[in-house]
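The values are calculated or read from the model by the stated rules, or taken from the named source; none is laboratory data. Model, not experiment: these values are computed from the prediction. Note that we place each Cβ from the backbone using ideal geometry, even for glycine, and neighbour counts take in every protein chain shown. Side chains included, ligands, DNA and RNA excluded: accessible areas come from the protein's heavy atoms. Shrake-Rupley method; radii C 1.70, N 1.55, O 1.52, S 1.80 Å.
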Amino acid sequence: MTDIRNIVILTGAGVSAESGIDTFRADGGLWEQHRIEDVATPEGFARDPDLVLRFYEMRKEQIQTKLPNPAHQALARLEAEWDGNLLLVTQNIDDLHERGGSKSVLHMHGEALLALCSACEARSPWPGVMVERPPCPSCGAAALRPDVVWFGEMPYRMDEIYAALGACDLFVSIGTSGAVYPAAGFVREAKAHGAQTLELNLERSQGSGWFDETRLGPAGEIVPEWVD
Ligand code: BV8
């Protein structure tokens, strides 16, 4: 990669698909089994907290039985070898990038293994009995929720992401349908600042037209090919 120093990588559910973690919009995907409005919005949580907590308990349990795949491992190698700046932003709430060896992962939509206290905003490891609404370890309030960003909520560390998009020479999107904003707009932000843009995905996404190059195939194959 000539004259490339600063890279931003965005990953979505497709990077974890070959590890056996359900994506959202494929046949039989998460949104076919659960309405977004019921399980991934603050209103859904207020309406039926037990349904939402069971949904995220199921997601966490699925994640803990899965292993990173060659795509996660290749991105960790890139991080270790790259002498410029590299920001890995993931929309995923699993920890497979970390278990695959990545040291610095920005979870813009939060993390399935963490609980957030709605009262004091402290984060803590997900307690095994979340549906029994245990007290927050920091303030004692019975106000724990999954530490994930629901629809209508502001994703995490957006200033940091946009600063990196404004300074990057290469933006790479891996395994995302381009269906959800603001992540789906990152390619345009990077392009507007002169970055080269590359999409690695199983099929063309809603944003494919914005990329200089799209390579199609399973992430476990095409990400190591790109990295190595
Ligand atoms: C915000 C966390 C503003 C929880 C997620 C109208 C009404 C209300 C809101 C909106 C609206 N219009 C736009 C919005 C904004 C909304 C949005 O974009 N809605 C969409 C549906 C239109 N966005 C938001 O609400 C965001 N917040 O806008 O805040 C704001 C402003 C000021 C103040 C406050 C707020 C928040 C969005 C975050 C929602 N949380 N997840 C959880 O995980 O449960 S979203 C969830 O879906 C994921 O996190 C991910 O981000 C998103 C997209 O999923 P993907 O990762 O792309 O997965 P998907 O299944 O869709 O696609 C998989 C892809 O992989 C496919 O392309 C497939 O081909 C490919 N693939 C499959 N296998 C492989 C593969 N590729 C390679 N290899 C393989 N093996």
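Please work out if residue 173 is modelled with pLDDT of 95 or more, in a strand (DSSP E or B) and within 16 Å of the ligand (Cβ to nearest atom). Please lay out each step first, then the result.
Numbers: modelled with pLDDT of 95 or more: yes; in a strand (DSSP E or B): yes; within 16 Å of the ligand (Cβ to nearest atom): yes.
Criteria met by residue 173.
Please verify whether residue 14 is small (Gly, Ala, Ser) and within 30 Å of residue 142 (Cα to Cα), treating the condition exactly as stated. Working first, answer last.
On the way: small (Gly, Ala, Ser): yes; within 30 Å of residue 142 (Cα to Cα): no.
It is false that residue 14 is small (Gly, Ala, Ser) and within 30 Å of residue 142 (Cα to Cα).
Conditions (1) in a loop (DSSP other than H, G, I, E, B); (2) near the ligand (Cβ under 9 Å from one of its atoms); (3) aliphatic (A, V, I, L, M), marked per residue:
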residue: 7; (1), (2), (3): no, no, yes
residue: 32; (1), (2), (3): no, no, no
residue: 45; (1), (2), (3): no, no, no
residue: 52; (1), (2), (3): no, no, yes
residue: 71; (1), (2), (3): no, yes, yes
residue: 87; (1), (2), (3): no, no, yes
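Determine which member of the set 203, 225 is surrounded by fewer than 18 Cβ atoms within 10 Å (Cβ to Cβ), more than 8 Å from the ligand (Cβ to nearest atom), more than 16 Å from residue 7 (Cβ to Cβ) and without any contact (Cβ under 8 Å) to a residue 40 or more places away in the chain. Step through it out loud before you land on a result.
Values: 203 fails: more than 8 Å from the ligand (Cβ to nearest atom).
Every option except 225 fails the conditions.
Among the numbered criteria (1) open to solvent by less than 60 Å² (accessible area, probe 1.4 Å); (2) within 17 Å of the chain's Cα centre (by Cα); (3) under 28 Å from residue 42 (Cα atoms), which one does residue 98 miss?
Checking residue 98 against (1) open to solvent by less than 60 Å² (accessible area, probe 1.4 Å); (2) within 17 Å of the chain's Cα centre (by Cα); (3) under 28 Å from residue 42 (Cα atoms), the one that fails is (1).
Looking at residue 136 and the list (1) open to solvent by 20 Å² or more (accessible area, probe 1.4 Å); (2) away from the ligand (no atom under 16 Å from the Cβ); (3) part of a loop (DSSP other than H, G, I, E, B), which single condition is not satisfied?
Unmet condition: (1).
Starting from the stretch 117-129, take each residue that is farther than 15 Å from residue 143 by Cβ and list its partners that are open to solvent by 60 Å² or more (accessible area, probe 1.4 Å), counting only C-beta distances under 9 angstrom and pairs at least six apart or across chains.
125/137
What number of residues within the stretch 77-95 are exposed (fewer than 15 other Cβ atoms within 10 Å of the Cβ), in contact with a strand residue (DSSP E or B) (Cβ under 7 Å, 6 or more places away or on another chain) and without any contact (Cβ under 8 Å) to a residue 40 or more places away in the chain?
Filtering the stretch 77-95 down to residues exposed (fewer than 15 other Cβ atoms within 10 Å of the Cβ) leaves 80-81, 83-85.
So of that shortlist, the ones also in contact with a strand residue (DSSP E or B) (Cβ under 7 Å, 6 or more places away or on another chain) come out as 84-85.
Subsequent filtering for residues that are without any contact (Cβ under 8 Å) to a residue 40 or more places away in the chain retains none.
Within the stretch 77-95, residues that are exposed (fewer than 15 other Cβ atoms within 10 Å of the Cβ), in contact with a strand residue (DSSP E or B) (Cβ under 7 Å, 6 or more places away or on another chain) and without any contact (Cβ under 8 Å) to a residue 40 or more places away in the chain number 0.
Inspect the stretch 9-25 for any residue being in the same structural domain as residue 221 (by TED's automatic domain parsing), away from the ligand (no atom under 12 Å from the Cβ) and not in a loop (DSSP other than H, G, I, E, B) and give the result as yes or no.
yes
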